[in-house]
1. Specify the inter-centroid distance of segment B:228-266 and segment B:348-369, based on alpha-carbon positions, in whole Å.
2. Any idea what log10 I(q)/I(0) is at q = 0.10, 0.15 Å⁻¹ for segment B:45-197, Debye with uniform C-alpha scatterers and no solvent?
3. Once whole DSSP H runs in chain B are found, which of them have Cα atoms spread over 27 Å or more along the helix axis and a mean Kyte-Doolittle score of at least 0.0?
4. What are the extents of the Cα atoms of segment B:232-375 along their three principal axes, listed from largest to smallest and rounded to whole Å?
5. Going by Cα centres, segment B:306-342 and segment B:107-176 are how many Å apart?
6. Treating only the Cβ atoms of Lys and Arg (+1) and Asp and Glu (-1) as charged, compute the dipole magnitude of segment B:149-206 about its Cα centre; round to the nearest 20 debye.
7. Select from segment B:135-233 those GluC sites (Glu not before Pro) which occupy a DSSP coil region and have at most 12 other Cβ atoms within 10 Å, ordered by residue number.
8. Give me the number: length gained by fully extending B:S269 to B:T93, i.e. 0.36 nm times residue separation minus the C-alpha to C-alpha distance, one decimal in nm.
Amino acid sequence: MMSSVPSGDKKSKLLVYSVEECPVCGQKTKRAFAVGDYVTKDGAKCTKCGNQTRVALVYAEGTKPSG
Amino acid sequence: MSFLPSSVALQGLTATESEFIYIVFFAGLFVFQFAFGTRIQVYFALNDIGRGLGKLKVMKEKSRKEAIDYLVNVGKAPNDPSQRVDQFLDYVTIMPVGIDPNGLVNKIDHVVTTNNDRVRAEVTALIGQNNPVTVSISENLLEVATALNMIHKIVRHYYILGKKTNSYFTLIQLQMLMPMIIQESDALLNAVDSFKVGQPVGDGIGPVSVSRLMIGKEKRVIAKDTVMAISEYKGRKLYVVKADGPMAYVGQPGIAIRNVIEEMGVKPSAIIMIDAALKLEGEKTGEIAEGVGAAIGGIGVEKFQIEDVATKNKVPLYAILVKQSILEAITVMRKEIAEASDKVVQTLQRVIEEKTKEGDDVIVAGIGNTLGVAQ
């Protein structure tokens with residue numbers, strides 16, 4: 001008889017990123033999420049124009065399941 | 001063999017020996033299935049549910065441990081919180097009686113608010129600090145542990161009841177529900193990882209979208225755990241409402257919208273609500289849907305309050321929804337959902353342009369858990 005209880009799925013691993021966006025030139029920089037990051041938090045200086053960037057998004061992207 | 005036709009058994013005219021064995025075998029199988037089929041299915045159902053129950057127990061214990069670890073390691077609880085957490089997990093909220101529906105929503109609101117206040121007071125007392133982010137995360141972790149504890153208890157109740165009474169239908173129904181129960185429990189357990197580190201969850205797409213309209217604007221507390229900022233778009237004055245982030249709050253958008261209209265005396269031409277919506281299987285994550293009505297989930301109190309104030313003041317309600325699954329809604333925000341925020345803002349701007357005119361006031365509410373989303 002087939003079991004109706006799902007067994008351990010092969011889940012894709014999620015990597016979480018923070019995207020910093022420059023409010024002046026719009027340049028976006030994606031980096032790994034660091035504990036304490038939140039949307040609208042000040043980020044690093046923009047590498048293009050030197051202005052203060054801001055964390056615009058925090059999201060997870062999946063990687064293909066191995067095996 | 002009494003079940004064979006007497007003519008066949010006695011005379012042996014129509015069946016060869018092998019045919020006879022064949023008939024006996026299948027006739028026996030038929031009788032066996034008739035007599036014991038249900039018992040066999042009950043046996044398999046019990047096995048199946050028992051295995052699921054084991055998984056639920058592991059999940060329940062893991063979430064409890066995660067909550068205690070967070071209270072100790074991040075919350076810096078001065079004493080061992082285990083005993084208090086166990087009491088917390090069994091705490092019940094008794095909903096008001098519904099036989100007289102008059103004023104029922106206010107009664108539910110009162111009970112729920114009392115419970116929320118109690119949870120926050122207890123968590124604050126448990127941990128050795130007042131950091132609102134840590135307190136709100138602790139509240140959410142304890143809520144997850146409580147939910148998993150309750151799911152485990154209910155499934156165990158019906159499992160034991162079905163076993164005791166040998167009730168085929170109780171067990172089969174429970175067996176059929178088990179995949180969904182396990183899936184939702186798994187989603188709850190996965191949510192713990194996001195909560196612990198303060199990552200925005202899929203449900204936070206409303207707050208993420210409206211936070212863009214609030215950056216650099218003065219914020220004021222408009223209701224408990226809820227903030228409002230005044231913004232401007234193409235000659236319209238926007239009253240933007242969201243829960244106070246980056247704490248794991250959902251706020252009180254119902255009271256907030258009521259306060260904007262009744263206490264501040266604003267006469268909005270539209271209320272536009274942005275929220276996550278559960279997608280149906282086959283729908284794409286991050287798809288945007290538009291509609292009318294109050295886009296808000298939960299127990300129904302906030303929805304009632306918003307519909308009530310909108311109806312009284314004849315303000316049209318518009319909804320912008322971002323589709324996602326239950327797992328995606330309560331775990332770390334997926335890329336497809338986060339990137340939908342650009343489209344949400346574009347849709348919002350279009351709705352404002354289409355439904356209102358220059359000089360109008362508009363209330364924009366970002367609904368959902370605002371963990372990891374400030375303003």
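FYI, it's all coordinate maths here, none of it is from the lab. Fair warning: this is a prediction, and the values are worked out from it, not measured in the lab. Please note: Cβ atoms are built from the backbone with ideal geometry, for glycine as well, and neighbour counts cover all protein chains shown.
1. What the calculation gives is 12 Å, centre to centre.
2. Here the Debye-derived log intensity ratios amount to -0.45, -0.88.
3. B:17-73, B:132-165, B:168-197
4. Principal axes ranked by extent give 40, 29, 27 Å for the Cα atoms.
5. 25 Å
6. 420 debye
7. When the GluC sites (Glu not before Pro) of segment B:135-233 are filtered for loop state and at most 12 Cβ neighbours within 10 Å, B:E218 remain.
8. On the way: separation 176, 0.36 × 176 = 63.36 nm, distance 3.83 nm.
Gain in length upon complete extension: 59.5 nm.
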